[in-house]
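Single-structure report; data block below.
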Amino acid sequence: MVVIRHLDLVVLALALIVFVLGGLPLVGWAAASVAWVVQRLIGDALQKRAEAAEDPRAVVGLVAGGSMGRAWLTALAVLAIGLVAGEDAGLAAALLILVLFTTYFTSRLILRGVAA
């Protein structure tokens, strides 16, 4: 279960190999990595606060607001790297974030199915 829970981070590490062997911009990988890890840490912290909250409105606010905020964080990071380091780095970062989100979302669905 631990591997499934952190499968997106495993994919992130494997993506470094793909970036190096494929000659993709490493700055795109680095920017996507930082943005992804930061948003994951924020998400984990907000999830713990939501689980501890007793007010349902607080739970909804933490989960929904946190999800939107984390999405904006990663989108702005991709935009920034595209503007600063060039379109190739921005595109590589965007595609990596897309793969990481898909992996994260799928692993969460699997874990919820196992828990039910």
Can you give the Rg/Rh ratio of region 1-52, where Rg is from the C-alpha atoms and Rh is the Kirkwood radius? 1.10
Given the -39500 (n - 2.57) contribution per DSSP H run of 4+ residues, what per-residue ellipticity at 222 nm results for the chain, rounded to the nearest 500 deg cm²/dmol? -31500 deg cm²/dmol
Write down Rg/Rh for the chain, rounded to two decimals, with Rg from the C-alpha atoms and Rh from the Kirkwood relation over Cα pairs. 1.03
Each label point is 7 Å from the Cα along the Cα-to-Cβ direction; what then is the distance between the points at Asp55 and Asp88, in nm? 5.1 nm
What does the charge count near Val27 come to, summing +1 for each Lys or Arg and -1 for each Asp or Glu among other residues with Cβ under 15 Å from its Cβ? -2
What is the magnitude of the charge dipole of the chain about its Cα centre, with +1 placed on the Cβ of each Lys and Arg, -1 on the Cβ of each Asp and Glu, and no other charges, expressed in debye to the nearest 20? 260 debye
Taking 7 Å along the Cα-to-C-beta vector as the label spot, tell me the Ile4-Val114 distance in nanometres, rounded to one decimal. 0.4 nm
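Since every read-out is calculated from the coordinates, none of them should be taken as a lab result. Remember, predicted model here, so these are calculated numbers, not experimental data. Counting neighbours? That spans all protein chains shown, and the Cβs are built from the backbone with ideal geometry, glycine included.
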